[in-house]
Amino acid sequence: QAQACCTFLAVCSTPQAVPALRRIFDLRRTLLRKGFGEAPRAAAITAAAKINHPEAKALVEAAKSDKSEAVRNAAK
């Protein structure tokens, strides 16, 4: 569902989508915490890259140093 949401937000490409995309990107799945895997997080970055807004650009820049290769590739 999160990945489908990110795809929709990529099509809309509005600055109002940035907070939701940031939450998806920031909430990583760990052993002790439920969160999003790399596919939805990469989709969030792909959507953020299509939004011309300073917060979206900052989110994409932060993703360039993520531990996940899929997320880093989405930020390119």
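Assorted remarks:
- Net length gained if the chain between F8 and S65 were fully extended (0.36 nm per residue, minus Cα distance): 18.0 nm
- Nonlocal amide H pairs with R28, under 5 Å, H built at 1.01 Å: F36
- Each residue of the range 39-54 was assigned a 3J(HN,Hα) from its phi angle through the Karplus curve 6.51 cos²θ - 1.76 cosθ + 1.60 (θ = phi - 60°); the sequence is 5, x, 5, 5, 5, 5, 5, 4, 5, 5, 5, 8, 9, 8, 8, x Hz, with glycine and proline shown as x.
- Cut-off 13 Å between beta-carbons: net charge of the residues surrounding E61, Lys and Arg +1, Asp and Glu -1: +3
- Here the Debye sum runs over all C-alpha atoms of the range 24-76 as equal scatterers in vacuum, and log10 of I(q)/I(0) at q = 0.15, 0.24 Å⁻¹ comes out as -0.35, -0.83.
- The trypsin sites (Lys or Arg not before Pro) of the range 25-64 that meet both conditions, a loop assignment by DSSP and at most 10 other Cβ atoms within 10 Å of the site Cβ, are R33, K34.
- For the range 52-76 versus the range 3-47, the gap between their alpha-carbon centres in whole angstrom: 11
- Ellipticity estimate at 222 nm from DSSP helix runs (n ≥ 4, -39,500 (n - 2.57)) divided over the chain, nearest 500: -18500 deg cm²/dmol
- Taking θ as phi - 60° and the Karplus parameters 6.51, -1.76 and 1.60, the scalar couplings of the range 15-28 work out to x, 5, 7, 4, x, 5, 5, 5, 4, 5, 5, 6, 8, 7 Hz in sequence order, x denoting glycine and proline.
- Surrounding net charge for R29, when Lys and Arg each add one and Asp and Glu each subtract one, Cβ distance under 15 Å: +3
- The dipole here belongs to the chain: it is taken about the Cα centre, uses +1 on the Cβ of Lys and Arg and -1 on the Cβ of Asp and Glu, and is about 180 debye.
- Accessible area in square angstrom per residue, the chain, 1.4 angstrom probe: 64
- Rounded to whole Hz, the Karplus (6.51, -1.76, 1.60) HN-Hα couplings of the range 59-76, x for glycine and proline: 5, 5, 4, 5, 5, 5, 10, 5, 5, 7, 5, 4, 5, 4, 5, 5, 7, 6
The values are calculated or read from the model by the stated rules, or taken from the named source; none is laboratory data. In this text, all values refer to a predicted model and were calculated from it rather than measured experimentally. Glycine also receives a Cβ, built like all others from the backbone with ideal geometry; neighbour counts cover every protein chain displayed. Side chains are part of the model used for accessible areas, which takes the heavy atoms of the whole protein and leaves out ligands, DNA and RNA. Shrake-Rupley method; radii C 1.70, N 1.55, O 1.52, S 1.80 Å.
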